[in-house]
Amino acid sequence: MVAAPDRMENLKAMALSLSHSKQAEEPAEFGVLLLRDIRDAFSTERQERLPSAKLLADLNAMDESPWPTWSRGRGLDARGLARLLRPFKIEPHNLRMADGSVVKGYERADFEDAWATYLPALVSATALQPA
């Protein structure tokens with residue numbers, strides 16, 4: 001039996017909700033997933049610094065990750081982001097933006113050690129060429 005598309009969305013939401021009940025049990029698993037997605041966000045944005053608001057918007061737009069449905073479907077917020085990054089000793093700090101404003105956010109350098117420790121090196125998608 002094939003489920004209707006709207007039913008599939010409901011089933012997906014329920015499965016994600018159930019998986020989030022394990023958040024307290026498996027913080028490291030979600031932390032490593034978050035590190036991967038943050039690395040992707042920095043790569044996509046091609047920036048050295050990202051305000052928390054922009055980073056959260058990028059994370060909550062990742063349909064294949066749990067962030068859009070985090071916190072009972074409201075998405076990941078700044079407090080949740082900081083809490084998940086705390087075990088990696090990564091904290092938000094003030095960033096002075098090009099327009100002179102100061103916002104909370106993160107720098108790529110904040111994540112370099114954690115990425116090197118918890119994520120495998122990026123593998124080149126280029127095929128090896130015969131010599």
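Observations on the model:
- Computed magnitude of the charge dipole of the range 25-118 (debye, nearest 20; Cβ of K, R +1, Cβ of D, E -1): 360 debye
- For LEU95, residues with placed amide H under 5 Å, excluding near neighbours: VAL103, LYS104, GLY105
Where a number appears in this text, it was derived from the coordinates with a stated rule and is not lab data. Predicted model, so just to flag it, every value in this text is computed and none were measured. Cβ atoms come from the backbone with ideal geometry, glycine included; neighbour counts cover every protein chain shown.
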